[in-house]
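Okay, handing you the structure first.
The values are calculated or read from the model by the stated rules, or taken from the named source; none is laboratory data. Note that the coordinates shown come from a computational prediction; the quantities given were computed from them, not determined experimentally. Cβ: placed from backbone, ideal geometry, glycine included. Neighbour counts: every protein chain shown. Quick note on the areas: whole protein, heavy atoms, side chains included, nothing else; ligands and nucleic acids left out. Shrake-Rupley method; radii C 1.70, N 1.55, O 1.52, S 1.80 Å.
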Amino acid sequence: MNRRYFLGLALSTAATPVLAGTSYNRFATNRSYDRPRVLSFYHLHTEDHIDVTYRIGDQYQRSALQRLNYFFRDFRTGDTTAMDHRLFDFLYDLKTALGDSDARFHVVSGYRSPATNARLRRASSGVAKKSLHLTGQAIDIRLPDLSTRRVRDAAITLGRGGVGYYRRSDFVHLDTGNVRKWGA
């Protein structure tokens, strides 16, 4: 064995700190991804509110997802669907990007039943026939303390899913479909 290598190994081992009562791993990484992911919502039509830990580390919390499925029900019909858990990750990352860990999203629309979507399409040209609201992959939101423009810009920066901006109606559409954006 090379004498210089051996001396270097001995010095690096000697320089490694030992902390009493702890296991020291000099290769440890930041485990912030293990923190619970909490989301808060207020539904503008039902006046329901929910604060829920939907994910801990890489484990989605089944009971929390079930509560969210009910919360995002079609408020016109009461129908529910399984919401796409990636939508919740999108919202969590959005509130983090906005620097507001206590953000409470105001929900304009979550899941839409086929009957509701058809009714809305008859009333407005802005409702897609194959809306991702029909499959639990879309949500329309606002944050009361932030402009919808700022929310839209932060969502676009994240680079995932669809981001629609509805300035006059004062909400931002988010979905887990292809990356795209629309609205003035």
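Can you name the residue in the range 115-151 that is under 17 Å from the mean Cα position of the chain (by Cα) and charged (D, E, K, R) and, of all such residues, is nearest to Arg73 (Cα to Cα)?
Asp140
Just a yes or no: is a residue in the range 21-34 at pLDDT 55 or above, touching a strand residue (DSSP E or B) at 6+ places or on another chain (Cβ under 6 Å) and surrounded by 10 or more Cβ atoms within 10 Å (Cβ to Cβ)?
No.
Looking at Thr157, is it hydroxyl-bearing (Ser, Thr, Tyr) and under 15 Å from the mean Cα position of the chain (by Cα)? It would help to see each step written out before you state the result.
Details: hydroxyl-bearing (Ser, Thr, Tyr): yes; under 15 Å from the mean Cα position of the chain (by Cα): yes.
For Thr157, the condition - hydroxyl-bearing (Ser, Thr, Tyr) and under 15 Å from the mean Cα position of the chain (by Cα) - is met.
While we're looking at this one, here's another question. Could you grab me the full set of residues in the range 48-61 that are assigned to a loop (DSSP other than H, G, I, E, B) and open to solvent by less than 80 Å² (accessible area, probe 1.4 Å)? Quick ask: steps written out before the conclusion?
First pass over the range 48-61, keeping only residues assigned to a loop (DSSP other than H, G, I, E, B): 48, 57-58, 61.
Matches in the range 48-61: Asp48, Gly57, Gln61.
Tally up the residues in the range 87-135 that are of a type in the set (D, E, K, R) and touching an Asp or Glu at 6+ places or on another chain (Cβ under 6 Å), please.
Taking the range 87-135 first, the residues of a type in the set (D, E, K, R) are 89, 93, 95, 100, 102, 104, 112, 119, 121-122, 129-130.
Okay, now just the ones that are also touching an Asp or Glu at 6+ places or on another chain (Cβ under 6 Å), so 112.
Within the range 87-135, residues that are of a type in the set (D, E, K, R) and touching an Asp or Glu at 6+ places or on another chain (Cβ under 6 Å) number 1.
Filter the range 154-168 down to the residues that are surrounded by fewer than 16 Cβ atoms within 10 Å (Cβ to Cβ) and without any contact (Cβ under 8 Å) to a residue 24 or more places away in the chain and list them by number.
Those that are surrounded by fewer than 16 Cβ atoms within 10 Å (Cβ to Cβ) and without any contact (Cβ under 8 Å) to a residue 24 or more places away in the chain: Gly159, Arg167, Arg168.
Can you work out which of the residues in the range 162-184 that are outside any strand (DSSP E or B) and touching a Phe, Trp or Tyr at 6+ places or on another chain (Cβ under 9 Å) is farthest from His45 (Cα to Cα)?
Let us first name the residues in the range 162-184 that are outside any strand (DSSP E or B), namely 167-170, 176-179, 183-184.
Of the ones still in play, those that are also touching a Phe, Trp or Tyr at 6+ places or on another chain (Cβ under 9 Å) are 176, 183-184.
On the way: Thr176: 23, Gly183: 23, Ala184: 25 Å.
Filtering the range 162-184 for residues that are outside any strand (DSSP E or B) and touching a Phe, Trp or Tyr at 6+ places or on another chain (Cβ under 9 Å), the one farthest from His45 (Cα to Cα) comes out as Ala184.
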